[in-house]
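Worksheet: one structure, shown below.
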Amino acid sequence: MTTVGLAWFLERVRAPLAPAGLLTARYAATRAHPAWRYRLTPVPVPVLVRAVLEDRRAGPEVLAAALAPVSEPGSSYDGDGTAAAAAGSRERLRGFRA
């Protein structure tokens, strides 16, 4: 485990990931991102939401994962523009459901 990391193991056994983990696994600057690979430390939510919005190939599962932490009751992402940015993900997700 010390050479391949925890993220590799979770991917290998197809363990379900929390939304931030799912997005970090997909959008970390490199799959070898040490904080994710060895300690499962996710990328900050605002960075993840922006990455999803910039990814024109993001599917419904990815869009829903981007909305999950922002949509939680009492979310602290209102003041930094993340909630407003997530509106773009919400609109794209509606397009998949239509």
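Return a yes/no flag: does region 60-67 have any residue that is on the phi > 0 side of the Ramachandran plot and at pLDDT 85 or above. Steps first, please.
Residues of region 60-67 on the phi > 0 side of the Ramachandran plot: none.
No; the residues of region 60-67 include none that is on the phi > 0 side of the Ramachandran plot and at pLDDT 85 or above.
If you check Arg37 against the conditions, is it open to solvent by 50 Å² or more (accessible area, probe 1.4 Å), on the phi > 0 side of the Ramachandran plot and over 9 Å from the mean Cα position of the chain (by Cα)? Answer is no for this residue.
Within region 51-64, residues that are closer than 13 Å to Ala18 by Cα have Cβ atoms under 8 Å from residues that are open to solvent by 60 Å² or more (accessible area, probe 1.4 Å) in these pairs: Val62/Arg26, counting only partners at least 6 apart in sequence or on another chain.
The values are calculated or read from the model by the stated rules, or taken from the named source; none is laboratory data. The shown structure was predicted, so the numbers you read here are calculated from the model rather than taken from an experiment. Please note: Cβ atoms are built from the backbone with ideal geometry, for glycine as well, and neighbour counts cover all protein chains shown. Note: areas computed on protein heavy atoms with side chains; ligands, DNA, RNA excluded. Shrake-Rupley method; radii C 1.70, N 1.55, O 1.52, S 1.80 Å.
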